[in-house]
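One structure is given here, and the rest of the page talks about it.
The values are calculated or read from the model by the stated rules, or taken from the named source; none is laboratory data. Just so you know, these numbers come straight off a predicted model, no measurement behind them. Ideal geometry is used to build each Cβ from the backbone, glycine not excepted, and the neighbour counts take in all protein chains shown.
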Amino acid sequence: MSIWNFFSRTQEKSFVAQQLAVLVKDLPPTLIQDGRGKVSVNKITRHLERVYKAASDFKEAQNIGFMGRAVMANAFKWGLKECGYPDEFADMATEGLVVALSKKASA
């Protein structure tokens, strides 16, 4: 990894952008904004868990450290807000991502 890539973290930001694009396609912000009854909790959980699994796999494959995980979480949170998801949803989803990225790899 070059020194520029270390500071710019384009790899992590690009991965998060890809995951956000899939999430927006599968679970549009309008479904979350409309409130209860439009989408089930199970559907939301299923889509978020896919993102968390992909992020965890990416972290392990690329050997992402503390700074990379922080960049991913920050890019994810602000990306959700920019896509139009409510602040409460962005906070909750980002918290789940942080937990998923903090877990050690399974043996």
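Out of the residues in the range 24-38 meeting the condition of being closer than 24 Å to Glu12 by Cβ and without any contact (Cβ under 8 Å) to a residue 40 or more places away in the chain, tell me which one is surrounded by the most Cβ atoms within 10 Å (Cβ to Cβ).
So the residue we want is Leu27.
Is there any pair with a first residue in the range 71-94 that is in contact (Cβ under 8 Å) with a residue 40 or more places away in the chain and a second that is of a type in the set (Lys, Arg) and not in a helix (DSSP H, G or I) whose Cβ atoms are under 7 Å apart and which are 6 or more apart or on different chains, and what are they?
Short answer, once both residue conditions are applied: Val71/Arg9.
Looking only at the range 39-71, filter to residues that are part of a loop (DSSP other than H, G, I, E, B) and exposed (fewer than 12 other Cβ atoms within 10 Å of the Cβ); which one of those is farthest from the chain's Cα centre (by Cα)?
Narrowing the range 39-71 to residues part of a loop (DSSP other than H, G, I, E, B): 39-40, 63-65.
Among the residues that remain, those that are also exposed (fewer than 12 other Cβ atoms within 10 Å of the Cβ) are: 40, 63, 65.
Details: Ser40: 20, Asn63: 17, Gly65: 16 Å.
Taking the candidates together, the pick is Ser40.
Can you tell me which residue in the range 9-30 is modelled with the lowest pLDDT, limited to those that are closer than 13 Å to His47 by Cα and among the hydrophobic types (A, V, I, L, M, F, W, C)?
Of the residues in the range 9-30, the ones closer than 13 Å to His47 by Cα are 19-29.
Add one more test, that the residue is among the hydrophobic types (A, V, I, L, M, F, W, C), and what stays is 20-24, 27.
Working: Leu20: 96, Ala21: 96, Val22: 96, Leu23: 95, Val24: 95, Leu27: 92.
Residue satisfying both the conditions and the ranking: Leu27.
Which residue, of Glu88, Glu95, is part of a helix (DSSP H, G or I), of a type outside the set (A, V, I, L, M) and over 13 Å from the mean Cα position of the chain (by Cα)?
Details: Glu95 fails: over 13 Å from the mean Cα position of the chain (by Cα).
Result of the check over Glu88, Glu95: Glu88.
Restricting attention to the range 37-71, report how many residues are closer than 19 Å to Phe89 by Cα and of a type in the set (Asp, Glu).
Summing the residues that are closer than 19 Å to Phe89 by Cα and of a type in the set (Asp, Glu) in the range 37-71 gives 1.
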